[in-house]
Amino acid sequence: MKEMLLLMSKGKAMIKSLVTFVCILLVTLLTGCATLRQPDHDQTITVSNPIKDVPITVSYQGGVFYRLEISNTLPSTINLLWDESAYVTTTGESVRILHLTDKNDLPKSVPAQQASTSIPSNSKFEADFTGDEWLDCARRNCTPHPKNSVKKAGISLAFKIKGKRVRWQGEVTFAPPRQP
């Protein structure tokens, strides 16, 4: 009889722990403290409008983050104009690109203006960026999904080269997330 009471007592304790865990999980999900992250769409960025003698690569880093690599092989400094650069979604919405100095230390708010970045002659520049409207999503570690994954998105980077505004453009194609 003592063994039966001991087993019942252990069973009640296990059920109580399980119920507590489920309650904490529900509260966390309902308050937005946790985000169930869906797998990212694979994204491929291809150049559609290059800039002569300025090799530029944009790569998807997951979530809402992208990395930009620029090699300035010109004999003069070029300027990347962050405020004139944009990501165009699959629905045609233009989102200003936000330069991130450290994607692990996101800014508290979106700056009204961003300083341009000077890239000296014969040098390389690398930076991470996101869309300024995606800052909250970046903090919550979420991933927006394209509303129409058949259509392409676009990235347009603005530069000032030899006193003229020049645009680099790339197309973003999406592939469904890989199934585990």
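Are any residues in the range 171-180 within 23 Å of LEU81 (Cβ to Cβ) and open to solvent by less than 60 Å² (accessible area, probe 1.4 Å), and if so, which ones? Walk me through how you get there before you give the answer.
Of all residues in the range 171-180, those within 23 Å of LEU81 (Cβ to Cβ) come to 171-172.
Residue satisfying the conditions is VAL172 alone.
Tell me, please, whether a residue that is in contact with a Cys (Cβ under 8 Å, 6 or more places away or on another chain), open to solvent by 20 Å² or more (accessible area, probe 1.4 Å) and within 26 Å of PRO176 (Cβ to Cβ) can be found in the range 33-47. So that I can check it myself, show each step before the final result.
Here is the first cut: in the range 33-47, the ones in contact with a Cys (Cβ under 8 Å, 6 or more places away or on another chain) are 35, 37.
Okay, now just the ones that are also open to solvent by 20 Å² or more (accessible area, probe 1.4 Å), so 35, 37.
With the extra rule that they be within 26 Å of PRO176 (Cβ to Cβ), the set shrinks to 35, 37.
Taking every residue of the range 33-47 in turn, at least one turns out to be in contact with a Cys (Cβ under 8 Å, 6 or more places away or on another chain), open to solvent by 20 Å² or more (accessible area, probe 1.4 Å) and within 26 Å of PRO176 (Cβ to Cβ).
Restricting to the range 155-170, what's the tally of residues that are open to solvent by 50 Å² or more (accessible area, probe 1.4 Å) and either within 16 Å of the chain's Cα centre (by Cα) or without any contact (Cβ under 8 Å) to a residue 40 or more places away in the chain (or both)? So that I can check it myself, show each step before the final result.
Taking the range 155-170 first, the residues open to solvent by 50 Å² or more (accessible area, probe 1.4 Å) are 160, 162-165, 167, 169.
Checking which are either within 16 Å of the chain's Cα centre (by Cα) or without any contact (Cβ under 8 Å) to a residue 40 or more places away in the chain (or both) leaves us with 163-164.
Count: 2.
Looking at the range 127-153, which of its residues are open to solvent by 90 Å² or more (accessible area, probe 1.4 Å), more than 16 Å from GLY170 (Cβ to Cβ) and in contact with a strand residue (DSSP E or B) (Cβ under 9 Å, 6 or more places away or on another chain)?
GLU133, VAL150
Counting only residues that are open to solvent by less than 70 Å² (accessible area, probe 1.4 Å) and among the small types (Gly, Ala, Ser), which one in the range 72-115 is nearest to GLU133 (Cα to Cα)?
So the residue we want is ALA86.
The values are calculated or read from the model by the stated rules, or taken from the named source; none is laboratory data. For clarity, every value in this text was computed on a predicted model and none was experimentally measured. Note that each Cβ is placed from the backbone with ideal geometry, even for glycine, and that neighbours are counted across all protein chains shown. Accessible surface areas use protein heavy atoms only, side chains included; no ligands, DNA or RNA. Shrake-Rupley method; radii C 1.70, N 1.55, O 1.52, S 1.80 Å.
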